[in-house]
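Enquirer: I'd like to ask you about the structure that follows.
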Amino acid sequence: MSALKRILWALLLALALLAIPRLSGWIAGLFDYRAVDPDGAFAWISVHHIAQALIVLFIIFLIGRARPLDFGFTRGDAKAGRRYVLLFTAIFGAGSLVSHLITILTGSFQPFPYPLTAANVAGQMGFQLLLSGPSEELVFRAFAITVLSLFIRSRLLKGKVSAANLVAAAIFGLAHVNVSFAPFSVSYSLYQVAMSIVLGLFYGDCYEKTGSMRYPMMMHSISNIVMVGFTIIATLVLSPR
């Protein structure tokens, strides 16, 4: 396959991957959550991620009927997976604690964006634990890297990073850019986009080394739980009595 065809296939896949969250958002927007989630803290985003996962699972099912591919549904290398998850958790947990302390000391801390009711905290933490990692890793690692690897097989940085992983991480970062068409506007947090790309590279590396999606799913959920958990705790401590 020529370089031009590889680029075109990568762009086509990127557009499809970026369209899936938007389609999932449209589906989630069909329902009224005010009775169960009046503050909008967890219901819409939960339905969004469930719809996102179902869409990709359906696409994987269709692909499997035409060409069986390994999307990492097995345990893979469990020993390597456990080691990767434990090391990631220790490093990310320490880094998150330091970053939260820095934001607090510099006055740039952003508190939890919803009222700290039991329902909001439980709903948000439940979403982060059970849905964020599984849904997003299914889309941006298991599906994206597997398909990208079919036509992008080179490795970069002296063979340490696959091009498929790098492209998937870049698409994952772009997925955190909010684009509106009526009227047209683009909004994003540079920190969030950059962090998504960096974390995406680690998730993808774990996926490729273990051959299983379950370990990057764990890492993704753990990172979100740690970040949101620290934010909730700091909000409780810093909020006026």
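Enquirer: Classify the stretch 29-81: rounded, prolate or oblate, from the alpha-carbon gyration tensor (a ≥ b ≥ c, eigenvalue square roots; a/c under 1.5 rounded; otherwise prolate if a/b is larger than b/c)?
Expert: Taking the square roots of the gyration eigenvalues as a ≥ b ≥ c, the stretch 29-81 is oblate.
Enquirer: What residues qualify as long-range amide H neighbours of S162, i.e. H under 5 Å apart, gap of 5 or more or another chain, H built at 1.01 Å from N?
Expert: L156
Enquirer: Project the alpha carbons of the stretch 16-159 onto their principal axes and report the range along each, largest first, in whole Å.
Expert: 48, 41, 25
Enquirer: Measure off, as a whole percent, the carbon and sulfur share of the 1.4 Å-probe accessible area of the stretch 90-241, all protein chains present.
Expert: In the stretch 90-241, the share of accessible area belonging to carbon and sulfur is 73 percent.
Enquirer: Further, regarding this structure: With every protein chain kept in place and ligands, DNA and RNA left out, what is the accessible area per residue of the stretch 1-152? Probe 1.4 Å, answer in Å².
Expert: The answer is 57 Å² per residue.
Enquirer: Give the ranking of F181, F143, F42 by solvent-accessible surface, highest area first, calculated with a 1.4 Å probe.
Expert: F181, F42, F143
Enquirer: Quick one: Karplus J couplings for the stretch 196-201, per residue in order, coefficients 6.51, -1.76, 1.60, θ = phi - 60°, nearest Hz, x for Gly and Pro?
Expert: Karplus-based 3J(HN,Hα) across the stretch 196-201 equals 5, 5, 4, 5, x, 5 Hz.
Enquirer: In whole percent, what relative contact order does the chain give with Cα contacts below 8 Å and a gap of six or more residues?
Expert: 30
Enquirer: Provide the solvent-accessible area of R22, counting protein heavy atoms only and rolling a 1.4 Å probe, rounded to the nearest 10 Å².
Expert: 130
Enquirer: Using a 1.4 Å probe on the protein heavy atoms only, what accessible surface does M195 show? Give it in Å² to the nearest 10.
Expert: Ignoring ligands and nucleic acids, M195 comes out at about 70 Å².
Enquirer: For the stretch 74-166, which semi-axes, largest first and in whole Å, follow from the square roots of 5 times the eigenvalues of its Cα gyration tensor?
Expert: Taking √(5λ) for each Cα gyration eigenvalue gives 32, 19, 15 Å.
Enquirer: Go through the stretch 78-93 residue by residue and turn each phi into a ³J(HN,Hα) via Karplus (6.51, -1.76, 1.60, θ = phi - 60°); whole Hz please, and just put x for glycine and proline.
Expert: 5, 5, 5, x, 4, 5, 5, 5, 5, 5, 4, 4, 5, 5, 5, x
Enquirer: Still on this structure, I have one more. In whole Hz and in residue order, list the ³J(HN,Hα) couplings for the stretch 3-16 that follow from phi through the Karplus curve 6.51 cos²θ - 1.76 cosθ + 1.60, θ = phi - 60°; x for Gly and Pro.
Expert: Those phi angles translate into 4, 5, 5, 4, 5, 5, 5, 5, 5, 5, 5, 4, 4, 5 Hz.
Enquirer: Rounded to two decimal places and with Rh computed the Kirkwood way over Cα pairs, what is Rg over Rh for the stretch 155-227?
Expert: My calculation puts Rg/Rh at 1.06.
Enquirer: So what's Rg/Rh here for the stretch 3-65, counting alpha carbon atoms and using the Kirkwood radius for Rh?
Expert: Dividing the radius of gyration by the Kirkwood radius yields 1.15.
Enquirer: Once you put a point 7 Å from the Cα of V161 and another 7 Å from the Cα of R34, both along the Cβ direction, what distance in nm separates them?
Expert: In this crude label model, V161 to R34 measures out at 4.6 nm.
Enquirer: Follow-up question, since we're still on this one. Computed from the mean reciprocal separation of all distinct C-alpha pairs, what Kirkwood hydrodynamic radius does the chain have, in Å?
Expert: By the Kirkwood definition, the hydrodynamic radius is 19.2 Å.
Enquirer: Let me ask you something else. Where the centroid of each part is defined by its Cα atoms, how far is the stretch 212-241 from the stretch 97-163 in Å?
Expert: 10
Enquirer: How much FRET efficiency would the formula 1/(1 + (r/R0)^6) give for A118 and T89, where r is the Cβ-Cβ distance and R0 is 25 Å, rounded to 0.05?
Expert: Efficiency at R0 = 25 Å is approximately 0.45.
Enquirer: Would you calculate the separation in nanometres between label points at L238 and S99, each defined as 7 Å from the Cα along the Cα-to-beta-carbon direction?
Expert: In this crude label model, L238 to S99 measures out at 1.5 nm.
Enquirer: Could you calculate the contour length gain from L54 to K79, that is, 0.36 nm times the residue separation minus the distance between their Cα atoms, to one decimal place in nm?
Expert: Stretched fully, the L54-K79 segment lengthens by 6.1 nm.
Enquirer: In addition: So what does L97 come to for accessible area, using a 1.4 Å probe and Å² rounded to 10?
Expert: About 80 Å², rounded to the nearest 10.
Enquirer: I would also like to ask the following. Percent of alpha carbon pairs in the stretch 117-183 separated by more than 21 Å?
Expert: The share of Cα pairs beyond 21 Å in the stretch 117-183 comes to 46 percent.
Enquirer: F184 to R22: FRET efficiency via 1/(1 + (r/R0)^6), r the Cβ-Cβ distance, R0 22 Å, to the nearest 0.05?
Expert: 0.95
Enquirer: Please list, short to long, the whole-number percent of alpha-carbon pairs of the stretch 109-154 in consecutive 5 angstrom bins beginning at zero.
Expert: Binned Cα distances yield the sequence 5, 18, 15, 15, 12, 10, 9, 7, 6, 2.
Enquirer: From a point 7 Å beyond the Cα of L12 in the direction of its Cβ, which residues of the stretch 148-180 have a backbone N at a distance under 15 Å?
Expert: 148-152
Enquirer: Does anyone have the angle between helix 163-174 and the longest principal axis of the chain? Alpha-carbon axes, 0 to 90°, nearest 10?
Expert: Roughly 30 degrees between the two axes.
The values are calculated or read from the model by the stated rules, or taken from the named source; none is laboratory data. Since we're looking at a predicted model, the values are computed, not measured. Please note: Cβ atoms are built from the backbone with ideal geometry, for glycine as well, and neighbour counts cover all protein chains shown. Heavy atoms of the whole protein, side chains included, go into the accessibility calculation; ligands, DNA and RNA do not. Shrake-Rupley method; radii C 1.70, N 1.55, O 1.52, S 1.80 Å.
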